[in-house]
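The next block holds one structure in the form of structure tokens; read it before the comments.
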Amino acid sequence: MAIRLLPIPPRELINMGRPVALYFQELDRLLNSTEQIEWDRIDKSGSNLTDLATRNHNDLQNMQGGTTGEYYHLTDAVSDSVQGVLRQSISTDYVSDYDDGIIVVDASGGAVEVTLPLSQGDFKKLMVSVQTGGFDVTVTPSGSDTINGDANLVIEYEDSTAQLASVTGGWLVV
């Protein structure tokens, strides 16, 4: 067996004496010859860890880990609260729901129109973000609503975002 040297403790720990020496001895005991801690040497009592060979990414208690191909970890309550806030990218004309939150637009294939829902005057915010461009994205309010007093808002440039707030009689760019 090769002789391994333990790492030098940080300067502020050198004067702590025996406790630090014991810590590094225990660390050395846990490390195997490949400088890794072996899985079977870890005390897993009181945990919900399973063997890595059979461990599933989505097996976290009380967590929503997503569906196939999605890997995020939120509590069920947080997951429920953000549902509908983010939308899939759209690339064709789209009629927005009041609770959409953020609409990401791919306008590389042609002009896109996003129709806003009727304003409810409660200062709820909605974002229209042009991720990829080349063509205009026209944001049009419903009914008699306006956007800053205008009939529509045209986003002409890629990587541009308009944040809108629902006010009485329409939407304001904020």
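Worth a mention:
- Extreme residue, surrounded by the fewest Cβ atoms within 10 Å (Cβ to Cβ), among residues of the range 117-167 that are outside any strand (DSSP E or B), in contact (Cβ under 8 Å) with a residue 40 or more places away in the chain and among the charged types (D, E, K, R): Asp122
- Residues satisfying the stated conditions in the range 91-102, i.e. modelled with pLDDT under 90 and β-branched (Val, Ile, Thr): Ile102
The values are calculated or read from the model by the stated rules, or taken from the named source; none is laboratory data. For clarity, every value in this text was computed on a predicted model and none was experimentally measured. Positions of Cβ are backbone-derived with ideal geometry, glycine not excepted, and every protein chain shown enters the neighbour counts.
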